[in-house]
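Heads up, the thing below is written out as structure tokens.
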Amino acid sequence: MIMIKRLLFILIAFVSFTTAVAQTAVGNWKVYSMFSDIKKMEQSHNKVYYLSGTNLFSFDKETEETYSYTLKNKLNDITVDNIYYNNEKNYLLITYSSGNIDLLYDDGTVVNLPDIKKSTLNYSLEINDVAFLGDCIYVATKFGLIVFDETRHEVKYSGVYD
């Protein structure tokens with residue numbers, strides 16, 4: 001009987017220890033990459049960016065490390081909708097379902113372009129497509145066209161076309 005109590009005690013202690021070690025601290029999240037649900041990939045000189053579900057990741061070609069981008073470390077919004085890479089200017093343009101836009105430069109700098117998200121239009125703020133030409137970023141939305149000045153990070157032109 002004493003032997004069974006000791007075995008039971010050791011088993012409970014072991015389970016308690018392994019459960020405590022496996023838990024993440026309160027308030028922290030660990031995002032795991034889902035390679036089976038990759039929606040889009042964009043390639044820079046030294047990284048491969050990929051969108052898995054609504055989460056953004058990068059794979060460093062040199063170090064072979066995967067990095068998860070979140071609201072806590074780089075991004076300015078939550079639900080990533082699409083990504084586009086500008087090969088001439090070396091940055092990744094990130095669009096969100098809210099209409100928000102981030103520019104993630106190769107040096108790690110992030111610039112937020114919140115103009116579409118903050119607009120007071122009664123239209124869907126969904127971004128359909130993005131194109132780069134010269135110093136302009138052309139953003140086609142459900143309601144019209146927005147042209148951003150790439151160097152000044154501001155709206156250069158906007159048109160509502162329903």
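Where a number appears in this text, it was derived from the coordinates with a stated rule and is not lab data. These numbers come from a predicted model, not from an experiment. Every residue, glycine as well, gets a Cβ built from its backbone with ideal geometry; the counts of neighbours run over all protein chains shown.
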GluC sites (Glu not before Pro) restricted to the stretch 42-95 and DSSP loop, no more than 12 other C-beta within 10 Å: GLU62, GLU64, GLU65, GLU88
Those trypsin sites (Lys or Arg not before Pro) in the stretch 67-103 that DSSP places in a loop and that have at most 11 other beta carbons within 10 Å: LYS72
I'd like to know which of TYR85, PRO114, LEU51 lies farthest towards the positive end of the charge dipole of the stretch 30-115, counting +1 on Cβ of Lys and Arg and -1 on Cβ of Asp and Glu. LEU51
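Given the stretch 82-162, what whole percent of its Cα pairs are spread farther than 22 Å? Write out the running numbers ahead of the final one.
On the way: 509 of 3240 pairs.
Cα-Cα pairs in the stretch 82-162 separated by more than 22 Å: 16 percent.
Grab the Cα-Cα distance for LYS72 and SER97, subtract it from 0.36 nm times how many residues apart they are, and report the gain in nm with one decimal.
Numbers: separation 25, 0.36 × 25 = 9.00 nm, distance 1.82 nm.
Difference between extended and current length: 7.2 nm.
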Principal axis dimensions, largest first and in whole angstrom, of the stretch 120-162 by Cα: 29, 19, 14
